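Trainee: My questions all concern the structure below.
The values are calculated or read from the model by the stated rules, or taken from the named source; none is laboratory data. Please read all numbers here as calculations on a predicted model, not as lab measurements. A quick note on method: Cβ atoms are made from the backbone with ideal geometry, for glycine too, and the neighbour counts reach across all protein chains shown. For accessibility, only protein heavy atoms count, side chains too; no ligands or nucleic acids. Shrake-Rupley method; radii C 1.70, N 1.55, O 1.52, S 1.80 Å.
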Amino acid sequence: MVRLVPLFLAFWAILGFSTSWAKISEATETCLSCHESVTPGIVADWKKSVHAQILPGDILSKKYNVQVPKKFAGVVVGCAECHTQNHGAHKDTFDHNGFKVHKVVTPRDCATCHPHEVAQYQKNKMSHAYNNLLGNPVYHGLVEASLGPQSFKEGKLIYEKTSNLTKADACLHCHGTKVEVKGKVVRDTDFGEMEFVDLAGWPNNGVGRINPDGSMGSCTSCHPRHGFSIEVARKPYTCSECHKGPDVPGYKVYMVSKHGNIFSSKNHEWNFKPNNWTVGKDFTAPTCAACHISQLVDADGNIIVKRTHQMNDRLAWRIFGLIYAHPQPKDPDTTKIKNKAGLPLPTELTGEPVEGYLISKEEMAKRRATMKKVCLACHAEDWVEGHFAKLDKSIETTNKQTLAATLILLEAWNAGVAKGLPSSIFDEAIEKMWVEQWLFYANSTRYASAMAGADYGAFANGRWYLNKNLQQMLDWLGFLKAAKKAQ
Amino acid sequence: MVRLVPLFLAFWAILGFSTSWAKISEATETCLSCHESVTPGIVADWKKSVHAQILPGDILSKKYNVQVPKKFAGVVVGCAECHTQNHGAHKDTFDHNGFKVHKVVTPRDCATCHPHEVAQYQKNKMSHAYNNLLGNPVYHGLVEASLGPQSFKEGKLIYEKTSNLTKADACLHCHGTKVEVKGKVVRDTDFGEMEFVDLAGWPNNGVGRINPDGSMGSCTSCHPRHGFSIEVARKPYTCSECHKGPDVPGYKVYMVSKHGNIFSSKNHEWNFKPNNWTVGKDFTAPTCAACHISQLVDADGNIIVKRTHQMNDRLAWRIFGLIYAHPQPKDPDTTKIKNKAGLPLPTELTGEPVEGYLISKEEMAKRRATMKKVCLACHAEDWVEGHFAKLDKSIETTNKQTLAATLILLEAWNAGVAKGLPSSIFDEAIEKMWVEQWLFYANSTRYASAMAGADYGAFANGRWYLNKNLQQMLDWLGFLKAAKKAQ
Amino acid sequence: MVRLVPLFLAFWAILGFSTSWAKISEATETCLSCHESVTPGIVADWKKSVHAQILPGDILSKKYNVQVPKKFAGVVVGCAECHTQNHGAHKDTFDHNGFKVHKVVTPRDCATCHPHEVAQYQKNKMSHAYNNLLGNPVYHGLVEASLGPQSFKEGKLIYEKTSNLTKADACLHCHGTKVEVKGKVVRDTDFGEMEFVDLAGWPNNGVGRINPDGSMGSCTSCHPRHGFSIEVARKPYTCSECHKGPDVPGYKVYMVSKHGNIFSSKNHEWNFKPNNWTVGKDFTAPTCAACHISQLVDADGNIIVKRTHQMNDRLAWRIFGLIYAHPQPKDPDTTKIKNKAGLPLPTELTGEPVEGYLISKEEMAKRRATMKKVCLACHAEDWVEGHFAKLDKSIETTNKQTLAATLILLEAWNAGVAKGLPSSIFDEAIEKMWVEQWLFYANSTRYASAMAGADYGAFANGRWYLNKNLQQMLDWLGFLKAAKKAQ
């Protein structure tokens, strides 16, 4: 029942690890004996992966000071190593051909071999993305008013409660669902009737998924199954799954930046695989990962920046998702924040940052200094300073443009042509125009400034729209008043 | 006059066919003798193609049970083999250096060697795309109101009749033009004056092109001249020519799905050429072709799904292009359909599907089961079921959101602030807002659900816009009423 | 201090030049001795470049009849060769480790070895892009009304003066900034305190940058630092930095054209490096560069079109950026143009081209004939004629649609519900709707026609929006009148 696979990955040999034969565990062999025919695609994908070709024990202890459990010594990382890991903690564990198997492999499972990455990721707002959205009453309201559906009755539009399926199909696709065990289900299979665990909120690979073992997050969001490729995670396409929309256009901005142009033209010659990623040699323009996550080194192997899975480690400002740009929150759980009006928001409705919950100026300076190290690997100091001067001005002016929109909205509420708090502040037409001011146009403009993709700060959802939207909101307010009078 | 070319394509050798020397026909040699200098680009492109390098006779008879005409035995497929094929049927045939040549190579010509593919394609709605658009009075009205132009006279906007050139430059670029012989034309060439046939509706490669031999469609839509590459047809870029716009955003949705992310990151390692496309080995995430067209096999060569050129063979629902999502029509000619109001539409204006013209629940289940086979090559049963549960909910809620918009429009017609039937239902501002509800936002949302590209069901032309558009339509209706009163 | 690098570029050997060892100048060695550790990324990038691997003297004199200065004989083109070039003319020159160094390498510097390209580029409107925008009072007004910011006070929106940082971050990112010396600045470095020149308008790589040596333009816009790769310049990604937005969607249109589809699918097999780019052999579908810039040859080496860096050499019409499409201007400095109303515009507000400043019909025919040579390398004459017939119709109808919008705007001005000249004609909501008619929708439609990317002439910012926008403008005009009456 034991099979040997050759360790043929050239880059691995280069790193100096032995090229002996790796062993598949007996348990994984059992999985493979059926799944090679049942789900041939993922088995073939796994076989090409590093997981299928190396013995993790040696490398992890030598290079990363991580001790893997004894049962993993001498075997590659296969089906059983992950899907039977920590089975006691997993509510989704079920009996399957004599094994205690769970469907949802979680960050806690991955932490067996990758504890540093998982620990960093827990400090990442992304791991809290489920609750930061649905556990915040203001934002939960935005979800409902964004997704609907509405029906039209007796001259009025009525929002219906958004179903869980719809939430899972939209916001929670990226934010993550809560995966819960509904019960058991029996299915006909090629091997006769079999019983499986039945899950709600499944399938989902969102970054802040609430898992059946109580952990948060999903490593496969960026390291997709079952190749777990560092190449995939380092290419910007992966980030585009959740960072391309008008509310968070990082990918689109990157692609029109000079960095993105060079990536698209030259990445066929780059090497995406070394853990220590050498600037200039392995790649000649940064990807998303280079600036935000990867460990970068110079040609002599000196570390330029250390790897982090806490994505805001190199970020001073939070430029998207909230009404006004503001310093990064101290805690990844943002539901704790309360502003003076009692709302769970990091700024007042008129833009002032909420004290106590956001990082200090010193911490902001430290994070920007870290990011600058990446820039300075290719650019001179004044180039980098000139770049950030434009970003700071962009944060200032986009916040100002959002404030102007907020003041128009306040006038609409005061004039009684729209209903403000405590009713939803996101459900009427003029409120939705206000939302687009910050959620689309201000965000887009700041992204363009942050990443030098100027189009998105000009005519592509940028400053053109900030200014046009204000003029249209003011006209719309006038039309609403006239229509009210005419009734 | 006979030249031999080496059969050097490695993958072809692997398939076990002889690597002897292929012969170019005398007729094609004659074509090449001038066209190598007159149109060097396409000649060079053809030389790299499979057509230029294999003798089709053997392979087609052995593998596909197709007998090619004797005159093609022993020669590669060159200029003359296609451009003089079936010349009697071609109204665009003209005398050219002693040959009866036609410009427009058609599916009927291709059927000489590829009869199965062409027969399937004739059952495809795409082959009927010209008449399904222009032969349907409702849709013809949408074309005119979409393309214009309009002029402004005495305070009123007036639609002018859309010219054939404009139609060919817009809708018919993809739907296909009617290519007709206008007459003859004499041109100065490098070889002196020559007479050519003169065509209307040319150039065009639309999927439902009406050809001068009476056939419908254009194989080069997806297998572009003169490489006829299966690699090109299997890459999603090809589909993007007609499936990227807001009305039909398949390509954009795919690209933000995890499938698209993986394709973009890893396709440089994939093999796009085998007819039997092996899941996991040849590719590790599906492209458009993998789900909708290609023959997929597992590592042992067992067929997972059979190749089809009837694109809705694996599709239960028709999710785009019409006012409400509905079961696929039985017949690819959709002009035959009549709803209760007498309109050539597959649903009533209020959404109920029209009985008799659409596939049954059993047929829907059968088609979805076929599609699921593709999914199940990598995913477990409950993963796949969970996916389709979200799609079904999305179809239900987007139809509901379209109904709400329709009811607002009906109120506008009733209130006399917009003109409904029998006048155009697409020409006024509030009518165009209604069109966008289903043609852009409901379609986009359903695509996002169908292909797991969630952004397009959220803020990128998705549910956000469905809800905002409803609120804006209702306000707009109020403004129209107030403006009417103020006059 | 002298190092030798091997000349290993295969394609270079093929071109027949000697593969001896190239010498790095002593000055450049000095630069590298620090910058290999200070800015490792660009040093590594440069080392892979042709500049780092060839002796330019021989090639330039033999093939291009260019004599490089004696001091460059026998050395590769390194840091010092560019950054100390013409230092007397450079206001940004400063003392740096015993060298007179300038930061901003300019077209005048590049002209030392590439005089033909620079001379052509000076006739290119792109080199005048700074002043053509900011030196034209009408267009300067569009910049201010597009960028803002605005504030809301006492029921009114007020435009603030746009800061230089904001302009540099948006319009001037592509158009180019004016780079000026502000003074000196002392910085802490790894090598102790050092003094540098301090620049305003920096960083910037815009196409019309005003440089500290008085020259205009930036070669690195398309040949980015420090690889200066012809491959990068020939791939469409590079053009997308400035030609992807809704005002100038060339890249997006290309990507949905059949040309773009084929590029995306097959460019991994193409050769982007030969100066003489062979149609069909090196590439099988054109990129931006193929149609607009590169020297194309047939398989026998016959020139099809000559290389040009005056981008409108093959263009009859100017289809974007101005209110109406019109013949190309004669002079790249478009601020000289005055229409009958005294405005610096190439057409009247009602569309008639301004005589005397635009190229003649003969010149238009000549330029189109040049472009057609590119098309005819793959397509037959009638294919090409049919294509251009659609473009001409598109220019006619989009100008008509713009005129209709202008007439509605004139009525708004006449009715006193919007302020026209001499006030800004770009600052109010209905004026911005008018701007989008020509700047977004008419431009997009014409691009789609010019490059056969039909989606952008239909539903993706194309004719659908031209017609919808007109209907909405007319309704909006009615709402403005009603709101005025209601006050």
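Trainee: Determine the sum of side-chain charges near C:A299: Lys and Arg each +1, Asp and Glu each -1, restricted to other residues whose C-beta is under 13 angstrom from that of C:A299.
Mentor: With Lys, Arg at +1 and Asp, Glu at -1, the neighbours total -2.
Trainee: Taking the simple approach of a point 7 Å from Cα along Cα-to-Cβ for both C:K330 and A:A119, what is their distance in nm?
Mentor: 7.5 nm
Trainee: How far is A:G416 from the same spot in each other copy, in nm, shortest first, if each label point sits 7 Å from Cα toward Cβ?
Mentor: Distances to the matching label points in the other copies: 2.9, 2.9 nm.
Trainee: If you roll a 1.4 Å probe over segment C:102-228 with all protein chains in place, what percent of the accessible area is carbon or sulfur?
Mentor: Ligands and nucleic acids excluded, carbon and sulfur give 57 percent.
Trainee: Find, among the trypsin sites (Lys or Arg not before Pro) in segment A:384-487, those assigned to loop by DSSP (not H, G, I, E, B) with at most 16 other beta-carbon atoms within 10 angstrom.
Mentor: A:K419
Trainee: In whole Å, what three semi-axes, largest first, describe the equivalent ellipsoid of segment A:248-291 built from its Cα gyration tensor (square root of 5 times each eigenvalue)?
Mentor: Semi-axes from the Cα gyration tensor: 19, 12, 8 Å.
Trainee: Go ahead and run the numbers for FRET between C:K419 and C:F388, Cβ-Cβ distance against an R0 of 56 Å, rounding to 0.05.
Mentor: Calculated transfer efficiency: 0.85.
Trainee: Turning to a different aspect of this structure: Checking the a/c ratio against 1.5 first, then a/b against b/c, what shape does the Cα gyration tensor give for chain C?
Mentor: Since a/c reaches 1.5 but b/c is at least a/b, the shape of chain C is classed as oblate.
Trainee: Per residue, how large is the accessible surface of segment C:296-390? Use a 1.4 angstrom probe and give square angstrom.
Mentor: Computed with neighbouring chains in place, this is 45 Å² per residue.
Trainee: Please average, across the residues of B:234-244, the number of beta carbons from any other chain that are within 10 Å of each residue's own beta carbon, and give a whole number.
Mentor: If you average over the peptide's residues, the count of other-chain Cβ atoms is 5.
Trainee: Relative contact order for chain A: what percent, with Cα pairs under 8 Å and sequence separation of 6 or more?
Mentor: 11 percent
Trainee: So, one more: Measuring with a 1.4 Å probe in the full set of protein chains, what accessible area per residue, in whole Å², belongs to segment A:17-83?
Mentor: Per-residue accessible area for segment A:17-83 comes out at 47 Å².
Trainee: Measuring from the lowest to the highest alpha carbon on each principal axis, how far does segment A:181-321 reach, largest first, in angstroms?
Mentor: 57, 35, 27
Trainee: I would also like to ask the following. Can you pull out the buried accessible area for chains C and B, both sides counted, probe 1.4 Å, rounded to the nearest 100 Å²?
Mentor: Roughly 5600 Å² of accessible surface disappears when C and B pair.
Trainee: Work out the charge dipole of the protein assembly as shown with +1 on the Cβ of Lys and Arg and -1 on the Cβ of Asp and Glu about the Cα centre, then indicate which of B:T445, B:G386, A:Q487 is farthest towards its positive end.
Mentor: Farthest towards the positive pole: A:Q487.
Trainee: Test of the criteria: in segment A:106-176, which GluC sites (Glu not before Pro) are in a DSSP loop and have at most 10 other Cβ atoms within 10 angstrom of their Cβ?
Mentor: Passing both the DSSP loop test and the Cβ count: A:E154.
Trainee: Also, I was wondering about something else. Please give the length that would be gained between C:A341 and C:A369 if that part of the chain were fully extended, namely 0.36 nm times their separation in residues minus their C-alpha to C-alpha distance (nm, one decimal).
Mentor: Difference between extended and current length: 6.7 nm.
Trainee: To continue, here is another question. How about segment B:145-240: which trypsin sites (Lys or Arg not before Pro) there lie in a loop by DSSP and see at most 11 other Cβ atoms within 10 Å?
Mentor: Those that pass, being in a loop and sparsely packed, are B:K161.
Trainee: Each label point is 7 Å from the Cα along the Cα-to-Cβ direction; what then is the distance between the points at A:N164 and B:E160, in nm?
Mentor: 5.9 nm
Trainee: Another question about this same structure. Within 10 Å of each Cβ in peptide C:279-286, how many partner chain Cβ atoms are there on average? Round it to a whole number, please.
Mentor: For this peptide, the per-residue mean of nearby foreign Cβ atoms is 6.
Trainee: Say a label goes 7 Å from Cα toward Cβ at B:D392 in every copy; what distances in nm does this one have to the rest, shortest first?
Mentor: 5.7, 5.7
Trainee: Do any residues of segment B:412-437 show a loss of at least 30 square angstrom of accessible area between the isolated chain and the full protein assembly, using a 1.4 Å probe, and if so which?
Mentor: At a threshold of 30 Å² (probe 1.4 Å), the residues of segment B:412-437 that become less exposed are B:A429, B:K432, B:E436.
Trainee: How far is it, in nm, from the label point at C:N302 to the one at A:Q295 when both lie 7 Å from their Cα along the line to the Cβ?
Mentor: Distance between the two pseudo-spin positions: 6.0 nm.
Trainee: I'd like to know how segment B:344-487 sits against the 2.2 N^0.38 Å rule of thumb: what's its Cα Rg over that expected value?
Mentor: So segment B:344-487 has a normalised radius of gyration of 1.27.
Trainee: Let me ask something additional. Taking chymotrypsin sites (Phe, Trp or Tyr not before Pro) as candidate sites, keep only those in a DSSP loop with at most 13 other Cβ atoms within 10 Å, then name the longest stretch of chain B containing none of them.
Mentor: My reading of the result: B:192-487 is the longest stretch.
Trainee: Rounded to the nearest 0.05, what FRET efficiency do B:R187 and C:H268 have when you use their Cβ-Cβ distance and R0 = 51 Å?
Mentor: So the FRET efficiency works out to roughly 0.85.
Trainee: Short version: which residues of segment B:377-395 lose at least 50 Å² of accessible area, all chains versus chain alone, 1.4 Å probe?
Mentor: Checking the loss per residue gives B:C378, B:D382, B:W383, B:K390, B:K393.
Trainee: Given the Cα atoms of segment B:17-83, and with Rh set as the inverse mean 1/r over their pairs in the Kirkwood sense, what is Rg to Rh to two decimals?
Mentor: Here the Rg-to-Rh quotient is 0.99.
Trainee: With contacts defined as alpha carbon pairs under 8 Å and 6 or more residues apart, what's the relative contact order of segment C:17-83 in percent?
Mentor: RCO, segment C:17-83: 44 percent.
Trainee: Find every distance from the label point of A:G192 to the corresponding label point in the other copies (7 Å from Cα along Cα→Cβ) and write them in nm, one decimal, shortest first.
Mentor: Listed shortest first, these distances are 8.5, 8.5 nm.
Trainee: Kirkwood hydrodynamic radius of the protein assembly as shown from all distinct Cα pairs, in Å?
Mentor: Taking every pair of different Cα atoms in the protein assembly as shown, averaging 1/r and inverting gives 33.9 Å.
Trainee: Okay, next question. Take the alpha carbon gyration tensor of segment A:102-228, find the square roots of its eigenvalues, order them as a ≥ b ≥ c, and report rounded if a/c is under 1.5; if not, report prolate when a/b exceeds b/c, else oblate.
Mentor: oblate
Trainee: Right, something else. Can you bin segment C:254-345 into rounded, prolate or oblate? Criterion: square roots of the alpha carbon gyration tensor eigenvalues sorted a ≥ b ≥ c, rounded for a/c under 1.5, prolate for a/b above b/c, oblate for the rest.
Mentor: prolate
Trainee: What does the average come to when, for each residue of peptide B:160-171, you count the partner chain Cβ atoms lying within 10 Å of its Cβ?
Mentor: 6
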